[in-house]
1. Across segment 122-153, what is the number of residues that are open to solvent by 40 Å² or more (accessible area, probe 1.4 Å) and part of a strand (DSSP E or B)?
2. Give the number of residues within segment 76-105 that are touching a helix residue (DSSP H, G or I) at 6+ places or on another chain (Cβ under 8 Å) and within 16 Å of the ligand (Cβ to nearest atom).
3. For the structure I just gave you, tell me whether residue 250 is assigned to a helix (DSSP H, G or I), open to solvent by less than 20 Å² (accessible area, probe 1.4 Å) and of a type in the set (Gly, Ala, Ser).
4. Mind checking which residues of segment 195-216 are open to solvent by less than 20 Å² (accessible area, probe 1.4 Å) and either hydrophobic (A, V, I, L, M, F, W, C) or more than 8 Å from the ligand (Cβ to nearest atom) (or both)?
5. For segment 276-376, please list each of the strands (runs of 3 or more DSSP E) lying entirely inside it that holds at least 3 residues being within 27 Å of residue 210 (Cα to Cα).
6. Considering (1) open to solvent by 60 Å² or more (accessible area, probe 1.4 Å); (2) touching a helix residue (DSSP H, G or I) at 6+ places or on another chain (Cβ under 8 Å); (3) not in a loop (DSSP other than H, G, I, E, B), say which one residue 16 fails and leave the rest.
7. Which one of 156, 167 is away from the ligand (no atom under 16 Å from the Cβ), open to solvent by 30 Å² or more (accessible area, probe 1.4 Å) and in contact (Cβ under 8 Å) with a residue 12 or more places away in the chain?
8. Got a number for residues in segment 170-192 being charged (D, E, K, R) and buried (at least 24 other Cβ atoms within 10 Å of the Cβ)?
Amino acid sequence: MDISYIINELAEDRENYFNAIAPPIIQSSNFAFKTVNQMRNAFADEYATYLYSRGLNPTVDILRKKLAALDNAEDCLVFNSGAAAIFAAVLANVKSGDHIVSVKNPYTWAQKMFNVILPRFGVTTSYIDGREIENFERAILPNTTVIYLESPNSWDYALQDLKAVADLAKAENIITIIDNSYCTPIYQRPLDYGIDLTLQSATKYIGGHSDTVAGVLSGSSKMIERIFNSEYMNIGSGISPFNAWLLIRGLRTLPMRLQHITQTTTKVINYLNQHNKVEAVLFPFDESFPQYALAKQQMQGACGLLTFIIKADTVEQIEKFCNNLQHILMAVSWGGHESLIIPKCAGFVASQFNPQHKEHRMLRLYVGLEEADYIIKD
Ligand SMILES: *Cc1c(COP(=O)(O)O)cnc(C)c1O
């Protein structure tokens with residue numbers, strides 16, 4: 001399906017709402033029935049009817065159809081955070097006694113789920129270096145039911161070979177789930193490689209304006225309907241109609257925002273690469289990146305998020321650099337209009353800084369919608 005069609009037309013039945021260009025926000029918790037029989041049918045299958053907005057909602061449905069089409073998926077669910085999408089996807093595919101193989105250092109709250117919540121229910125997780133397919137083969141146990149991926153990782157951009165992992169998992173009857181937040185479906189469509197479930201934090205590029213927290217989970221109709229009828233309804237973490245509307249608005253400009261950010265990021269990286277205080281730049285589409293070939297093979301683009309390692313002997317030098325930035329904001333998240341930075345050293349007490357550890361000198365930069373020169377000057 002044409003991306004322009006998905007973004008501008010798909011699921012927009014304008015004749016049903018006064019030919020308005022912008023879709024309405026159906027800010028209603030519940031929906032009425034004309035007959036007992038209609039109500040009975042709705043109770044019997046909530047996935048087929050508007051009954052209550054913790055389940056289906058018309059504004060959210062417009063968004064769902066667009067996001068599923070972008071992922072080349074049969075269906076999707078939209079959550080009120082990316083973390084909720086991760087939780088529902090994993091919870092739906094494990095039971096007591098099961099085992100998960102996860103790439104190491106996935107998103108923080110995925111790790112907390114694997115390390116803190118799931119062990120309480122007898123579900124264990126092995127972390128592996130996902131850059132080598134052999135590590136997956138070695139880690140799979142008879143009770144492994146889920147392989148959890150994040151490609152690229154959002155700090156060191158480690159990739160997994162999606163096709164190879166999907167093939168392996170299918171042969172072993174294991175469900176594959178990927179966090180695709182870095183790429184968005186514009187730059188990577190994991191389902192096309194045989195991955196079962198793809199999710200992303202829509203807080204990032206989909207929303208695009210740093211004003212909404214949301215998550216998307218896409219897959220087969222069968223799997224998505226099953227998750228709707230259990231985890232989605234039970235956790236009650238569906239997106240609100242207003243936030244769904246903000247995401248529909250964000251989608252209108254998604255490809256052009258990514259395009260602009262991709263161009264700007266290239267200029268910023270070229271600048272950083274020749275700077276004498278910069279030791280290295282980590283970015284999947286940089287020719288020096290160890291998995292550059294795989295990145296080029298399975299991703300249509302890379303943008304915005306990069307990590308650079310600066311030369312510093314003391315933590316004060318890094319702090320001085322960050323504290324003196326005039327335009328680039330120090331904040332978590334990414335994907336919005338504004339450039340952002342997080343120094344790794346903000347994650348530990350300053351006295352533990354050791355310049356020998358490269359990671360301690362890492363700065364994660366998100367290149368926003370500003371002009372390249374503006375960011376470079378800062
Ligand atoms: C932000 C983020 C999430 C979590 O999404 P929220 O919308 O913040 O809940 C998950 N994975 C990655 C890679 C992220 O960057």
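The values are calculated or read from the model by the stated rules, or taken from the named source; none is laboratory data. Keep in mind that what you see is a predicted model, and the values were worked out from it rather than measured. Here the Cβ positions follow ideal geometry from the backbone for every residue, glycine too, while neighbour counts run over all protein chains shown. These accessible areas exclude ligands, DNA and RNA; they are computed on the full protein's heavy atoms, side chains included. Shrake-Rupley method; radii C 1.70, N 1.55, O 1.52, S 1.80 Å.
1. 2
2. Number of matching residues: 15.
3. Details: assigned to a helix (DSSP H, G or I): yes; open to solvent by less than 20 Å² (accessible area, probe 1.4 Å): yes; of a type in the set (Gly, Ala, Ser): yes.
Judged against the criteria, residue 250 is a match.
4. Of all residues in segment 195-216, those open to solvent by less than 20 Å² (accessible area, probe 1.4 Å) come to 195, 197-202, 205-208, 212, 214-216.
Residues satisfying the conditions are 195, 197, 198, 199, 202, 205, 206, 207, 208, 212, 214, 216.
5. Working: elements: 278-282, 305-310, 340-343, 362-366.
By residue number, 305-310, 340-343, 362-366.
6. Against the list (1) open to solvent by 60 Å² or more (accessible area, probe 1.4 Å); (2) touching a helix residue (DSSP H, G or I) at 6+ places or on another chain (Cβ under 8 Å); (3) not in a loop (DSSP other than H, G, I, E, B), residue 16 comes up short only on (2).
7. Details: 156 fails: away from the ligand (no atom under 16 Å from the Cβ).
So the residue among 156, 167 that is away from the ligand (no atom under 16 Å from the Cβ), open to solvent by 30 Å² or more (accessible area, probe 1.4 Å) and in contact (Cβ under 8 Å) with a residue 12 or more places away in the chain is 167.
8. Of segment 170-192, the ones charged (D, E, K, R) are 170, 172, 179, 189, 192.
Next cut, buried (at least 24 other Cβ atoms within 10 Å of the Cβ) only: 179.
Count: 1.
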